[in-house]
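The values are calculated or read from the model by the stated rules, or taken from the named source; none is laboratory data. Fair warning: this is a prediction, and the values are worked out from it, not measured in the lab. Virtual Cβ from ideal backbone geometry, glycine too; neighbours counted across all protein chains shown.
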Amino acid sequence: MKLSTLLLFKIFILSLLVSFINPTSKNDANYTREEQVNISIFKNNVDKVVNVSTIIKRSNGFFMDETQIPAGAGTGFVWSQDGHIVTNYHVVQNGNEFLISFHNDKNTYNAKLVGVEPKKDIAVLKLIKSPSNLSPISLGSSSELNVGQKTFAIGNPFGLDHTMTTGIVSAVGRKVEGIGGVKIHDMIQTDAAINPGNSGGPLLDSKGRLIGMNTQILSGSGTSSGVGFAVPVNTIKRIVPQIIKHGKVIRPGLGIILLPDHIKYRFRIEKGIVISSVAENSTAEKAGLQGITQDQWGRVYIGDVILKIAGTEVNTFDDIYHALDRFKIGDVVEVEFLREEKVKKIKLTLDAI
């Protein structure tokens, strides 16, 4: 009898411990496990997602009065406790002032532009005065994403504050046209509904970690058609700290200026990229690379044509941008180039550009 009572007492204590460690509220019983995950992700991240309004100032009239014109709105997310906000470059493009609003906060906060990387569609803002207890978003990884895993997008579509949509990773490693003729590589494709206003908002995994930043949709109507794209978080983690530290991205380069692709074809050159000129005191100059020259009669002579960088073929500006994007300043790379119909190879140390 005593043994039975002791056993029942132990079971009772154990059940109390289990309920304490894994409490289930009465409300949880009304939702499926999947719904509980969805609700938890939204609640844990909604205060880390902001509405970004971009204002353009224009002079108006004889007295040069300034008029503030709303240029658009998008989404962003809290990067650091000291008030850095990450969003898309195209959300803040051409803006003079930026207004930030939070979920369930009636105040609007002014922010200044810290810096941008247009070719990755990334911009960083800094709150001039921050609300108390800012909580940065949790960072995940985009290197091991799998097609089929769950995604969650939080943003402000069509001006509707803090909306969440769900979907899956539809594809990885996409190349999407960016700004300045350079593609954004390794983009995440998702079928989570992404609409105008979602730009700059976070794409999260099932643990509520940032895996990408929603940037654009592929649609003829301008609304979600099941094909949305996000800049991978690993790219964001590499770019944003540089912008915060330097106000810009400091990239590695060879110290050369390229002949535009459309002019290159006039010289009947289809393979490689033509060096237009070489920067003074650059790595390229020290290595003896040569650009285009012109004689006294105005005849133009092609100099060196770069064929490969670190074993990767380069035929366009986009190619060379991404070939060098894998390296950092000070790295040594092998450059294969054509000079007077002879293929040559040299090793160059990458400079900061």
Looking at V116 and the list (1) within 14 Å of the chain's Cα centre (by Cα); (2) assigned to a loop (DSSP other than H, G, I, E, B); (3) in the same structural domain as D82 (by TED's automatic domain parsing), which single condition is not satisfied?
(2)
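Here is a yes/no grid of residues against (1) closer than 19 Å to K175 by Cα; (2) modelled with pLDDT under 90:
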position	(1), (2)
D191	yes, no
P196	no, yes
G200	yes, no
L203	yes, no
I211	yes, no
S221	no, yes
A230	yes, no
V240	no, no
When you scan the range 343-352, do you find a residue that is more than 27 Å from the chain's Cα centre (by Cα), under 26 Å from H246 (Cβ atoms), modelled with pLDDT under 95 and not β-branched (V, I, T), even just one?
yes
The conditions are (1) within 20 Å of the chain's Cα centre (by Cα); (2) in a loop (DSSP other than H, G, I, E, B); (3) of a type outside the set (D, E), and S132 fails exactly one of them. Which is it?
(1)
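Could you check how many residues of the range 325-342 are acidic (D, E) and either modelled with pLDDT of 90 or more or not in a loop (DSSP other than H, G, I, E, B) (or both)?
Our first condition is that a residue be acidic (D, E); within the range 325-342, this holds for 325, 331, 334, 336, 340-341.
Restricting the remaining residues to those that are either modelled with pLDDT of 90 or more or not in a loop (DSSP other than H, G, I, E, B) (or both) gives 325, 331, 334, 336.
Looking only at that region, the number is 4.
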Assess whether I85 counts as being at pLDDT 90 or above, surrounded by 10 or more Cβ atoms within 10 Å (Cβ to Cβ), assigned to a helix (DSSP H, G or I) and of a type in the set (V, I, T).
no
So, in the range 277-299, of the ones that are touching a residue at least 40 places away in the same chain (Cβ under 8 Å) and among the hydrophobic types (A, V, I, L, M, F, W, C), which residue ends up nearest to K347 (Cα to Cα)?
A287
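State yes or no: is A153 of a type in the set (A, V, I, L, M), at pLDDT 90 or above, more than 16 Å from L210 (Cα to Cα) and assigned to a strand (DSSP E or B)?
On the way: of a type in the set (A, V, I, L, M): yes; at pLDDT 90 or above: yes; more than 16 Å from L210 (Cα to Cα): no; assigned to a strand (DSSP E or B): yes.
No: the conditions fail for A153.
Can you name the residue in the range 178-197 that is of a type in the set (A, V, I, L, M, F, W, C) and either under 23 Å from H262 (Cβ atoms) or within 16 Å of the chain's Cα centre (by Cα) (or both) and is also surrounded by the most Cβ atoms within 10 Å (Cβ to Cβ) among such residues? Break it down into steps so the answer makes sense when it comes.
Of all residues in the range 178-197, those of a type in the set (A, V, I, L, M, F, W, C) come to 179, 182, 184, 187-188, 192-194.
The next check asks that each one be either under 23 Å from H262 (Cβ atoms) or within 16 Å of the chain's Cα centre (by Cα) (or both); those that pass are 179, 182, 184, 187-188, 194.
On the way: I179: 14, V182: 19, I184: 22, M187: 25, I188: 25, I194: 30.
Checking each candidate, the answer is I194.
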Neighbours by Cβ (under 6 Å, 6+ apart or cross-chain): first from the range 229-245, closer than 18 Å to R326 by Cβ; second of a type in the set (A, V, I, L, M, F, W, C) and modelled with pLDDT under 95
I239/V249; Q242/V249
Contact list please: Cβ distance under 7 Å, first residue in the range 21-48 and hydrophobic (A, V, I, L, M, F, W, C) and in a helix (DSSP H, G or I), second residue buried (at least 16 other Cβ atoms within 10 Å of the Cβ) and at pLDDT below 90, pairs at least six apart or on different chains.
V46/H162
Test P157 against the criterion of being in contact (Cβ under 8 Å) with a residue 12 or more places away in the chain and assigned by TED's automatic domain parsing to the domain that holds G208, and give yes or no.
yes
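Taking the residues in the range 223-262 that are basic (K, R) and out of contact with any strand residue (DSSP E or B) (no Cβ under 8 Å at 6 or more places or on another chain) as candidates, determine which candidate is surrounded by the fewest Cβ atoms within 10 Å (Cβ to Cβ). Show your work before the answer.
Narrowing the range 223-262 to residues basic (K, R): 237-238, 245, 248, 251.
Keeping just the survivors that are out of contact with any strand residue (DSSP E or B) (no Cβ under 8 Å at 6 or more places or on another chain) gives 238, 245.
Values: R238: 16, K245: 11.
Of everything passing the filter in the range 223-262, K245 is surrounded by the fewest Cβ atoms within 10 Å (Cβ to Cβ).
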Which one of V274, V332 is surrounded by 19 or more Cβ atoms within 10 Å (Cβ to Cβ) and either touching a residue at least 40 places away in the same chain (Cβ under 8 Å) or under 33 Å from the mean Cα position of the chain (by Cα) (or both)?
V274
Single residue of the range 158-189 satisfying the filter (outside any strand (DSSP E or B) and among the hydrophobic types (A, V, I, L, M, F, W, C)) that is modelled with the highest pLDDT:
V182
